[in-house]
Every structure is written in C-alpha cells, then in structure tokens.
1. What tally of residues in the range 283-303 results from selecting those that are farther than 19 Å from Thr341 by Cβ, out of contact with any strand residue (DSSP E or B) (no Cβ under 8 Å at 6 or more places or on another chain) and not aromatic (Phe, Trp, Tyr)?
2. What tally of residues in the range 237-257 results from selecting those that are crowded, with 18+ Cβ neighbours inside 10 Å and either in a loop (DSSP other than H, G, I, E, B) or in the same structural domain as Ala32 (by TED's automatic domain parsing) (or both)?
3. Which members of the range 219-248 meet the condition of being within 20 Å of Val297 (Cα to Cα) and touching a strand residue (DSSP E or B) at 6+ places or on another chain (Cβ under 9 Å)?
4. Exactly one condition in (1) assigned to a loop (DSSP other than H, G, I, E, B); (2) touching a strand residue (DSSP E or B) at 6+ places or on another chain (Cβ under 9 Å); (3) crowded, with 17+ Cβ neighbours inside 10 Å is false for Ala176; which is it?
5. Kindly state which helices (runs of 4 or more DSSP H) lie completely within the range 258-373 and contain at least 1 residues that are surrounded by fewer than 16 Cβ atoms within 10 Å (Cβ to Cβ), free of Cβ contacts under 8 Å to residues at least 40 places away in the same chain and at negative phi.
6. Looking at Ala13, Ala32, Ala75, can you tell me which residue is buried (at least 17 other Cβ atoms within 10 Å of the Cβ), at pLDDT 80 or above and hydrophobic (A, V, I, L, M, F, W, C)?
7. State all residues of the range 333-354 that are small (Gly, Ala, Ser) and closer than 22 Å to Ile185 by Cα; if no residue qualifies, say none.
8. I'd like the full set of residues that are outside any helix (DSSP H, G or I) and either at pLDDT below 95 or of a type outside the set (S, T, N, Q) (or both), limited to the range 224-236.
Amino acid sequence: MTAATHQPQRDTASLRVAFFSDSLPERNGTGAYYHDLLAHLGPRVDACEIFQPALGRPFSAATLPLPGDATQEIALPASFRLRRLIDKLHPDVVVSVTPGPFGQLGRRLARRHHSGFITAYHTDFAALAGLYWGPVRRRLGQRLIDRANRRLCRDSATVLVNNDELVDSVRELGAARVDVMGTPIEQAFLATTPPAAPRTPEPVVFAGRLAAEKNIDGIIDAARQRPYQRFITAGDGPQRERVLQASHERDNLDHRGWLSRQALCDLLDEAGLVILPSHVETFGSIALEAMVRRRPVLVTANAGIHDWPQVAGSVYKMGAREPLTAALERLDGVPEADWQTRGEQGRRGALALHEATIDQWLDVLARHAGGRP
C-alpha cells in the first residue's frame, strides 16, 4: 500500500488545516512528527495550525498516565477557547492524530464547521498496554481506547497509518479508507550538510523514550557484554533512573539526557551506528533522521521504516527475537567500504522519502478538504 511518490491533485495554496493532538510538542514520536510536518506544510498552504497541550496554554491535566510512560498525562482541552480559535481559522480539513480529549474535540469541531475530517493512527496502544498493565486494567483500558478510536475511524474520510501492518487494525475499527503515510524530517536535520559517513560502528547511539517498549534493558545488556564499544543514550522516560544507574556503573555507557532537536542532530553526527531495538515501533523516525545525516542504522524488524522502498535497502535489520548483542556481533564484520556506502545510500533514500511524504500529505489534505470524497 505504500507508494513511492505522490503529486498533489488539487491546488493546495488556499487550504486551511487544523490538527488536533493530545501529545505535547516534540515530547514523543507523535509530537515530533507533527511539529516537523507543520513546518513543511505551512509555506505551501493558506493556514496550518495544531491544537494540543503545551506549556503556557490553559488546559487541565488529568491524572491518567499514558500506557508505557507515567511521565506523560492526558490533558483536557479548554473547549471554549479552542472553539473560538477554530471559528477564526475555519478549516477546510481537520486531522485528529490521537484518540484522547483533543482528538475527540477535533472530530466534533470538524462536524460543526462542515470540514473534511481525517484521523491518524500512530500508536498501537494495545501492545503498550500489554507491556505495562495487568490483565484487568489492560482489558478496561483497551476497551476505552478502542471505543475512542472507533468514533474517530468511522467518522473519517480516510485513516492515516505509518506502516502496512496497521491497515487491518484500523479497518477493524471502522475505517472505510486507509492511506499509508511516510514520515517528514525536521528542518534542523536538513539545514546543514552532514559529515562524511562513518567508517566503523563507533560509538553506538540510541535516542528516544526511555521506556520498556524501546528495549532499554537490551541496550544496557549490550553495553555490559561489549565493554570495548562505546554506547551513548539520550532521552527521557519511565526508565530514566535505570539508564542513569547503568551509565554510572559502566565506563562505556554515557547518558546525555533529553536533547533539543539541534543537540540531537549534533549527537547523530557523532554516531557510528544508530540503533532502534524496540519491542514495539510504529515507524522509527529517529532512524530516518540518522539516515539523512549519513549514519548507518540498525532497526528492529517490526518497525514500519522497512515498508518504504526508498530506505529499506539501506537499513540493517535486527531479527524479531534477536538480542541486540547478537545483532551488533553480526555487524562487526561489515567492511569499511560497505559501511560508508550504506551511509550514503541512506541519506539519498531519506531525502527522497521526505519529499514524497510532503507531497503525499498535500494530496491527501486536498482530496478530503470540505468533506469531498
């Protein structure tokens, strides 16, 4: 279902678009995705705004933590204030990117303004709940999440997903049409020419949420079993203390904490290999960002990035049940020339996928503006 290129079928210069998200900007993969996307869509449409929880904006925080990260909370939107902002924007199309209170408000406001309505499905909450919650809480939580997702999917002109494996899931939730979308790249990673591709996988870098689904234990174990190789981690999340403790115990493991996007770009430029050994991974944006900086990447087999022909051939794939240590051992014998070739090919593929993704988004938004089929 993935497509190599998309050209917008209608003029997009007059489009007015509203996104609704329950994620904080750049706080997780979903938050970063739309922060990056809007920066590229903005110059090519009439208006493009996102409504989400953020520091400095009035909203009431609930106490229910998101599955997999107790550091994040579901926020209740200030509905009256947001209605006034949407009335002023008067969008042609509304996109709800999460099933929480902000996403549900987007669905209602799209109906109020007779706007086209689209849902994005980025997170397999069932898989996360299975990792973190007991059987009773998991069943109750999944029932509530499914109910919220069904409302969005059934009312959507199309549902957007990041990999082919999610297509059946959203069809079961009532989606009449599904579009598999690529992933954009943040401006900071595109603004400068990256250094030459590395010659060796040194150091090994992981950047992302420090949570069980990211296989943090596997990274710590690899650092323990490979004391001759340097590992660098960056990010924040519920397993932060575990990573900090391991970094204090091991000379070859360095934790950099949460990084701004520019600092993250600098860290990727320092890497010899970027790893994403997750147990659950919808796409794997950090791998794409690393590739555009000419860094070779090792990515879990379940990540959606493998579905995209522009980049799939440049990604080292980690087996579905393969320990990270074993995967790194396989890469020990890769010749220097092949390592550098993989880095160069990855950059070209990442740039191609990024450009195709922006065109694809403009096409989808234009096709469904104003509720047009």
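The values are calculated or read from the model by the stated rules, or taken from the named source; none is laboratory data. Here the structure is a predicted model, which means the values were calculated and not measured. All Cβ positions, glycine included, derive from the backbone under ideal geometry; neighbour counts span all protein chains shown.
1. Selection size over the range 283-303: 3.
2. Count: 3.
3. Ile219, Ile220, Ala222, Ala223, Arg226, Gln229, Arg230, Phe231, Ile232, Thr233, Ala234, Gly235
4. With respect to (1) assigned to a loop (DSSP other than H, G, I, E, B); (2) touching a strand residue (DSSP E or B) at 6+ places or on another chain (Cβ under 9 Å); (3) crowded, with 17+ Cβ neighbours inside 10 Å, Ala176 is out only on (3).
5. Values: elements: 261-270, 285-292, 309-312, 324-331, 336-367.
Because the criterion is at least 1 residues that are surrounded by fewer than 16 Cβ atoms within 10 Å (Cβ to Cβ), free of Cβ contacts under 8 Å to residues at least 40 places away in the same chain and at negative phi, the helices (runs of 4 or more DSSP H) in the range 258-373 that meet it are 261-270, 309-312, 324-331, 336-367.
6. Result: Ala32 is the single residue among Ala13, Ala32, Ala75 that is buried (at least 17 other Cβ atoms within 10 Å of the Cβ), at pLDDT 80 or above and hydrophobic (A, V, I, L, M, F, W, C).
7. Selection gives Gly343, Gly346, Gly349, Ala350, Ala352.
8. Arg226, Pro227, Tyr228, Arg230, Phe231, Ile232, Ala234, Gly235, Asp236
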